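**Q** For reference, the structure I am asking about is given below.
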Amino acid sequence: MKNKNIKFLHISTNKNGGVGTVVKSLCNYFKDSLSVILYKESMKKLSIYKQYKQLKNEIKILLNNVDLLHFHGSWAPHIFILRKKQPKPTLVSPHGALHKMSLKKSQFKKLIAKQLYVKKTYLNADCIHALTMQEVNDIYNFGIKNIPIAVIPNGIDFDEKLEIDEKTKNELLEISKDRKVILSLSRLDPLKGIDLLIDSFNIVIKKNKDLVLFIVGDGNENYKTNLLNKIYSLGLKESVYLLGEMNGIYKNTVYDIADVFVLPSYNEGFGLTVIEAYRQNIPVITTTATPFEEIANNGIGWYIEPNCSEVTKALASATKLDKSELSSMGKKGYNLMKKKYSLDIVNHKMELLYSWLLNGGIMPDFIIKNYKESKLI
């Protein structure tokens, strides 16, 4: 299909973070076609209505030059465009936005948005892309029925040669002072459970001083302030560091010096950082909010409930291991995750999905045609 000059339009308001990473990888994979991320930083300064109008006009111009529309996200103004059925095949990827925990955030606004346009936009799509079987359930519970749902996880390039910034690496190693490095990398938001991680770390470090926690990410300013206050009030300013947002070569670098990666989320659409950690041979502690049951089943990390007791036990268990044991666990995780979440495997499924939407024919086996008749109910 890639050689037939098929043109896609990816419509998203995210250029960074998990969604941005996914969109960029799709654009790179289908590089022989025209893939566009419709995003402008200047649009953030406009009102929601003006954002919608500008996006609508730009998409209208592009429609004659593309074969398929792929919308990413749920609540931003670009989704409003789908209140009207589009003349081209349309795919929507919520990226976890319909999870019950996500719906509780700004609950009243989202309830209004659901009634005004969000539910209708999904019903006007030709197919919905879910990352996990749990997300299929979330979509169904949101009231989206009788629309085909393709279940395709996110993936990354496990064979990519990752560049490391030596200056940044040396600076981080100097801060760590030969202590075991625990890394958390996510958007700073209450749903990501970073405050939970700090509380657990505070308990564990009292028995094991040979630890340092690096928290990477940016986001909610009030939440960031609360985290800083917690760090200082617990006397952890020499052991817990908020490093801010790190992308590209700098993200590779902070993974490179980590001994354990922790994603303590209460809500997570997928958790791409878990796979990124394993790509760099780092064992992972993560919660049941992510879809990585294979962690518990294969001895490559800790898969736990998102509460202080469980996170504390997992941290204590992980930090009792020496660095060579942790590295060995991470390498085992690399081999396992590569077989399931390699970018080529995942994007090949996306290619089959695009082809089916454009040409019809035999439906790929990862598409649920009628959820009510599936084995999930």
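The values are calculated or read from the model by the stated rules, or taken from the named source; none is laboratory data. Just so we're clear, the structure is a prediction, and the values are computed from it rather than from any experiment. FYI the Cβ positions are ideal-geometry reconstructions off the backbone, even for glycines, and counts take in every protein chain you see.
For every residue, the table says whether it meets (1) under 27 Å from S355 (Cα atoms); (2) in contact (Cβ under 8 Å) with a residue 40 or more places away in the chain.
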| site | (1), (2) |
| --- | --- |
| L82 | yes, yes |
| P87 | yes, no |
| G96 | yes, yes |
| S102 | no, yes |
| K105 | no, yes |
| L111 | no, no |
| H129 | yes, yes |
| D138 | yes, yes |
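**Q** Out of the stretch 208-250, which residues are more than 20 Å from the chain's Cα centre (by Cα) and either of a type in the set (F, W, Y) or assigned to a loop (DSSP other than H, G, I, E, B) (or both)?
**A** N208, K209, D210, Y232, L234, G235, L236, K237, E238, S239, Y241, listed by residue number.
**Q** Can I ask one more? Scan (1) at pLDDT below 95; (2) within 24 Å of N202 (Cβ to Cβ) for the single condition C308 breaks and write down its number.
**A** Only one criterion in (1) at pLDDT below 95; (2) within 24 Å of N202 (Cβ to Cβ) is unmet by C308, namely (1).
**Q** Looking only at the stretch 300-322, count every residue that is touching a Lys or Arg at 6+ places or on another chain (Cβ under 7 Å) and either of a type outside the set (A, V, I, L, M) or not assigned by TED's automatic domain parsing to the domain that holds I257 (or both) and tell me the total.
**A** 1
**Q** Checking Y250 against (1) under 21 Å from D159 (Cα atoms); (2) touching a Lys or Arg at 6+ places or on another chain (Cβ under 7 Å); (3) surrounded by fewer than 21 Cβ atoms within 10 Å (Cβ to Cβ), which test does it fail?
**A** Evaluating Y250 over (1) under 21 Å from D159 (Cα atoms); (2) touching a Lys or Arg at 6+ places or on another chain (Cβ under 7 Å); (3) surrounded by fewer than 21 Cβ atoms within 10 Å (Cβ to Cβ) leaves (2) as the failure.
**Q** Right, here's the next one. Answer yes or no as to whether Y278 is of a type in the set (F, W, Y) and assigned by TED's automatic domain parsing to the domain that holds L196.
**A** The answer is yes for Y278.
**Q** Of the residues L188, L172, which is out of contact with any helix residue (DSSP H, G or I) (no Cβ under 6 Å at 6 or more places or on another chain) and touching a residue at least 24 places away in the same chain (Cβ under 8 Å)?
**A** Exactly one residue qualifies, and that residue is L172.
**Q** Next up: Here is a check on your reading of the model: is V118 buried (at least 18 other Cβ atoms within 10 Å of the Cβ) and either assigned to a helix (DSSP H, G or I) or among the charged types (D, E, K, R) (or both)?
**A** yes
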